[in-house]
Amino acid sequence: MAEQEQRQSVASKLPSAGLSKRFMIAVLVFLAALKLVASFTMLPLGDEAYYWLWGQNIALSYFDHPGLASWLLGATDAIFGTSLFGLRIASVLTGVGSVWFLWLYAGRILPAQRQKVFLFITLMVATSPTLFVWSTLVYHDHLLIFLSLAAMFFFTSYLGDEAKDRTGRLNQLYVGAVFLGLAGLTKYSAVFMGLAIAILVIAHPKLRHLLLRVHIYLAGFITAVMQTPTLIWNFNRDFASFGFHFKDRYGSQWLLEFNPDSFFNFVLVTLLLFGPFLIPPFIRLFRAKTSPDFLGIGIWIARLVTVMSTSTFMFIAFFSFTLWYWSDLSYLLMLVMLPVLAMRKWLALAHIWFGILVITLVCFNYTVVPIASLLGQRDIEAGTVYGWDEIANFVAEAEKVQQPTFIAATRFQSASQLSFAMQRTNISAIEVRPSQFDIWEDRDTNAGGTGLILQDEFGDLGETKRRFESVEKIDEFTVQRFGYPLLKYELYLGTNYKPRATNLVTD
């Protein structure tokens, strides 16, 4: 009865957004076209090329993240070849999968108005600038979004039915556990969903009976066992990946001094790029009454994930620079439950048009020309995605003349982009921060040799000079777009290279 009343409430509230099906479909078609244009015309960002390299060097896990997303990139590259299509088809496929699960959510939330609920949820997700971008790029987030939507759907279905009348189907519990395990193999932040589900089972009076059944423990065991590749990799390398995320990423003294710039930047950018017009309905979603059914359990999972994820990264932001999209899982799950609320028409429209504007500008910025260039300024971060065919030719010509022992770059991002552009996996990165390149480096071959080093305006030659006996600049090149200078690259030749010691390499 409670579920029926809540569904009637949802049904009565949906029209208040005042969005016609034709309008929602038109916006979604436009965004889908933008997604495809960006996917298959924008050259890889540094981290995307880095993860592509992971897929070329299959391992149990990796220094920055678990391995599943890069195993997927290795598979798409093997099938479609090294190309933009072979790279970004991965996020297109997971995007289609995510949309399918939104359709399943809509069927459980309000079967009688499934199509409208589906269009509304999909539109709210798609017009969140962060969720649009990070479901398009082949960072790990595109796969995390898909797997988390799947895991939450199956857990919510099972737990909702158990809370309502104890008719939960065990296949939904175990499928949810598998999807959660896969999410954990994608990105460490999936732990927040696992914790949310565990807390809910323990704390919800309608779910505590599950603690007397073996199945909830077996499901947790399945999820945990699926993390074995990540644990083995870390065990063999002094838990380097965990140490990097808990300490090394921020510096040994990072908890000793408050960093107000980092904190306010995290809060401001989070509010802006997830969607500032979503704040009022998100607050109401925390205050909404819940019933023991699919809707109520889903809201509680979304609330718990949001609180734990956002508070964790906000705490880190108190002391060190923190990227806003690390908490993208929080807002994604909240958006799925948004149809429960009577979202005002002006808020819904403001979110949509704001999202369209920001997303369009971002796509233009990275596929046509940096907007700052049109305004007489320079956006060197956007400049890093342009001109890699020219840069690859520039480096290849210098390699013919100098005949170095190896080629390197002063950032792991630019080393990865050069690798993708030259379609070779033997390029090194020389920088202070440890990375996968420390594992891949052919130390025996490179030691004592000469290196051709690519440096850009983000790079730091300090570590390069420490690793070579001498370093000499030999050439430079500026990438341009429509006559606008974007980013300057320099080439250096280093002699008598000394690889650094690392605990990342095992015998």
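The values are calculated or read from the model by the stated rules, or taken from the named source; none is laboratory data. From a predicted model like this one, the values you see are computed outputs, not experimental measurements. FYI the Cβ positions are ideal-geometry reconstructions off the backbone, even for glycines, and counts take in every protein chain you see.
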ask   = For the range 327-357, how many residues meet the condition of being surrounded by 23 or more Cβ atoms within 10 Å (Cβ to Cβ) and aromatic (Phe, Trp, Tyr)?
value = 1
Residue count for the range 453-507, restricted to those that are buried (at least 19 other Cβ atoms within 10 Å of the Cβ), of a type in the set (Gly, Ala, Ser) and in a loop (DSSP other than H, G, I, E, B) = 1
request  = Return the only residue of Gly81, Gly74, Gly46, Gly67 being over 30 Å from Ala350 (Cα atoms) and surrounded by fewer than 16 Cβ atoms within 10 Å (Cβ to Cβ).
outcome  = Gly81
ask   = Which condition does Pro404 not pass, out of (1) modelled with pLDDT of 95 or more; (2) out of contact with any Pro (no Cβ under 9 Å at 6 or more places or on another chain); (3) under 30 Å from Gln377 (Cα atoms); (4) not in a helix (DSSP H, G or I), if it passes all the others?
value = (3)
task = All but one of (1) over 22 Å from the mean Cα position of the chain (by Cα); (2) surrounded by 18 or more Cβ atoms within 10 Å (Cβ to Cβ) hold for Ile202, so report the exception by its number.
result = (2)
query = Restricting the search to the range 47-97, which residues are small (Gly, Ala, Ser), farther than 30 Å from Gly243 by Cβ and over 14 Å from the mean Cα position of the chain (by Cα)?
reply = Ala78, Gly81, Ser83, Gly86, Gly97
query = Which one of these does Gly74 not meet: (1) at pLDDT below 95; (2) out of contact with any Pro (no Cβ under 8 Å at 6 or more places or on another chain); (3) under 30 Å from Leu231 (Cβ atoms)?
reply = (1)
Any pair with Cβ under 8 angstrom, 6 or more apart, that starts in the range 87-109 at a residue that is farther than 16 Å from Ala38 by Cα and in the same structural domain as Thr127 (by TED's automatic domain parsing) and ends at one that is in a helix (DSSP H, G or I) and polar (S, T, N, Q) = Val99/Thr122; Leu102/Thr122; Ala106/Gln115; Arg108/Thr156; Arg108/Ser157
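Okay, residues lined up against (1) touching a Leu at 6+ places or on another chain (Cβ under 6 Å); (2) buried (at least 22 other Cβ atoms within 10 Å of the Cβ):
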position	(1), (2)
Val401	no, no
Pro404	yes, no
Gln413	no, yes
Gln417	no, yes
Gln423	no, no
Ile439	yes, no
query = Residues of the range 223-242 being assigned to a loop (DSSP other than H, G, I, E, B) and modelled with pLDDT under 95, which ones?
reply = Asn236, Arg237, Asp238, Phe239
query = Residues in the range 353-362: is at least one over 30 Å from Ala198 (Cβ atoms), polar (S, T, N, Q), without any contact (Cβ under 8 Å) to a residue 40 or more places away in the chain and assigned to a helix (DSSP H, G or I)?
reply = no
message = Tell me yes or no: at least one residue of the range 182-194 is of a type in the set (D, E, K, R) and free of Cβ contacts under 8 Å to residues at least 24 places away in the same chain.
response = no
message = Just the residues that are within 27 Å of the chain's Cα centre (by Cα) and modelled with pLDDT of 95 or more, please, taken from the range 365-378.
response = Asn365, Tyr366, Thr367, Val368, Val369, Pro370, Ile371, Ala372
task = Residue by residue through the range 127-141, note down the ones that are part of a helix (DSSP H, G or I), touching a Lys or Arg at 6+ places or on another chain (Cβ under 9 Å) and not aromatic (Phe, Trp, Tyr).
result = Asp141
task = Under 9 Å between Cβ atoms, at least 6 apart or on separate chains: pull out the pairs that start in the range 19-43 with a residue that is surrounded by 19 or more Cβ atoms within 10 Å (Cβ to Cβ) and end on any residue that is basic (Lys, Arg).
result = Leu19/Lys116; Leu19/Lys345; Met24/Lys116; Ala38/Arg88; Ser39/Arg88; Met42/Arg88
task = State yes or no: is Ser320 crowded, with 22+ Cβ neighbours inside 10 Å, assigned by TED's automatic domain parsing to the domain that holds Gly181 and of a type in the set (Ser, Thr, Tyr)?
result = no
request  = Kindly indicate whether any position in the range 279-294 is in a helix (DSSP H, G or I) and among the hydroxyl-bearing types (Ser, Thr, Tyr).
outcome  = no
note = Checked Gly176, Gly168 against criteria (at pLDDT below 95, assigned by TED's automatic domain parsing to the domain that holds Trp71, at negative phi and small (Gly, Ala, Ser)); the one match is Gly168
